[in-house]
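Quick notes on the structure that follows.
The values are calculated or read from the model by the stated rules, or taken from the named source; none is laboratory data. Keep in mind that this is a model prediction, so the values were computed, not measured. Note that we place each Cβ from the backbone using ideal geometry, even for glycine, and neighbour counts take in every protein chain shown.
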Amino acid sequence: MYGLLYDVVINIYKPFAAKFLERIGGGAFHISLYNSLPGIVAALALLPGTLLLRKNKNVKSATVVLLRITRSFLLLAALSPFFPENLRAVTFLFVISLMNFPDALSQSAIQSSLAKFFTSGEVRAQAISLRNKFGNFSIPVVTLIMGLIISFIPRSESQIVTFYQLFFVMSFLVGLAEVFVFKKFRYETEPDNALSETEPGNAPAEPEPGKQPVSDAEKNTDVTAPSKKGVIKSVLSNKVFRHYLFFTLIYYVTWQSGWALSTIYQIENLGANEIWLALFAVGSGLTSFFSAAFWSRYIAKKGNGRAMVMAGYALALNMTFIALTPNLPLMVLACCYGGFAGIGINITLLHGLLIATPEKDRMVYIGMYNTFVNISLGVSPMLSLLLVNKIGIVYTMHVVGLSRVISASLLLLAYRKKLIGSE
């Protein structure tokens, strides 16, 4: 239920946010900032924020507060069209970027809490699988409904903007239900007000029957570092985590470089409106829904490292496919392929991160990892936009596609050298 509500909150407005920016006066530069600024804010927030959450006696309650603050920013986003015309796009970008401060912290806390909510590895895997399965089904449904509403009900440009404002309010209201459901989670091993597993001095839980053996990452972790400096040093001295961070971060840079490019190409070069953006999201979401099982089976059969390499190469080709797409109907097919490759890289990166991080202080590991990922997100779209201004968007997309092939080859090298794991 929580996963479905989270997906509804995000997909009421996010698939159309770039088009909304255009309607309130934004352009390619604003769309690039929309992709990069939230990453910069998250990068500044994650590491100090996760270190503070690590000290919190009730991480779940702190997460609830962060979720409420995050969803409140949606009401502020709804107010952006009321500003002077030359400030509307900038105001929207400012609000969405600041929203990523509490949002990044809450999502890192939720990721690290999964091990507390579902102590059994088998049950946890089933929960994550079901959450992704139904999420990938609900996302295109919600997106299509919103796209149909915004495309056929409003009769003027001002009415379209008003409906966008209603979307943000609706997203906020669903967010209240999301927070209510999240509060229903209970730790399986501790009472609701228990100390976080990462609280210094907190006694370690007794191992459960059938619990998975200690990972390679845990073996490389200094378990005696309670201070902030000690924890950071312990995280950075973990060889398994360092290797995983280095090689996957290179791929993230090349992956994120194309996020704004595809949206700009769809809207400015092909003239996509809201209904086409909805169809792109539906095609991608449905393909993700049906291909998630394929990637799960492939991981089980061949290992996560090999699956990550395959997904990396598949996603590299997606940028080239988009650059060669001449019209909107064919773009739907390109987005379907992107959904197949995208769900593969998302699943394998998450599995790989869990393999590379030990249970102790996992929140800090994830916070550190997401900090670097968001730093790259803050830089990559703007670098690709600079290249667009030099050689044009089509050639830039080909360059980005080639860079993804190179970064996927580095993943292959790391996999063969057993640096990123194969579980």
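Remarks
- The single condition among (1) of a type in the set (A, V, I, L, M, F, W, C); (2) under 30 Å from residue 358 (Cβ atoms); (3) at pLDDT below 90 that residue 311 does not meet is (3).
- Output for segment 48-83, where each listed residue is of a type in the set (S, T, N, Q) and under 17 Å from residue 179 (Cβ atoms): 58, 61, 63, 70, 72
- Residue match in segment 356-375 (condition: assigned to a loop (DSSP other than H, G, I, E, B) and β-branched (Val, Ile, Thr)): yes
- Filter result for residue 18 (under 18 Å from the mean Cα position of the chain (by Cα), in a helix (DSSP H, G or I), at pLDDT below 90 and surrounded by 19 or more Cβ atoms within 10 Å (Cβ to Cβ)): no
- Check on residue 348, closer than 25 Å to residue 36 by Cβ, β-branched (Val, Ile, Thr) and touching a residue at least 60 places away in the same chain (Cβ under 8 Å): no
- Residue 279 at pLDDT 90 or above and either over 22 Å from the mean Cα position of the chain (by Cα) or outside any helix (DSSP H, G or I) (or both): no
Yes or no, residue by residue, for (1) free of Cβ contacts under 8 Å to residues at least 24 places away in the same chain; (2) among the hydrophobic types (A, V, I, L, M, F, W, C); (3) closer than 15 Å to residue 239 by Cα:
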{"position": "353", "(1), (2), (3)": "no, yes, yes"}
{"position": "357", "(1), (2), (3)": "no, no, yes"}
{"position": "360", "(1), (2), (3)": "no, no, no"}
{"position": "363", "(1), (2), (3)": "no, yes, no"}
{"position": "367", "(1), (2), (3)": "no, no, no"}
{"position": "372", "(1), (2), (3)": "no, yes, no"}
{"position": "383", "(1), (2), (3)": "no, yes, no"}
{"position": "386", "(1), (2), (3)": "yes, yes, no"}
{"position": "392", "(1), (2), (3)": "yes, no, no"}
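- All of (1) out of contact with any Phe, Trp or Tyr (no Cβ under 7 Å at 6 or more places or on another chain); (2) over 22 Å from residue 368 (Cβ atoms) hold for residue 54 with one exception: (2).
- A single entry from 144, 130, 105 fulfils the requirement of being part of a helix (DSSP H, G or I), surrounded by fewer than 16 Cβ atoms within 10 Å (Cβ to Cβ) and not charged (D, E, K, R): 130.
- Check on residue 377, of a type outside the set (Val, Ile, Thr) and either over 20 Å from the mean Cα position of the chain (by Cα) or crowded, with 24+ Cβ neighbours inside 10 Å (or both): yes
- For the residues 47, 52, the requirement of being more than 21 Å from residue 281 (Cα to Cα) and without any contact (Cβ under 8 Å) to a residue 24 or more places away in the chain singles out 52.
- Residue count, segment 74-84 (criterion: part of a helix (DSSP H, G or I) and farther than 12 Å from residue 173 by Cα): 6
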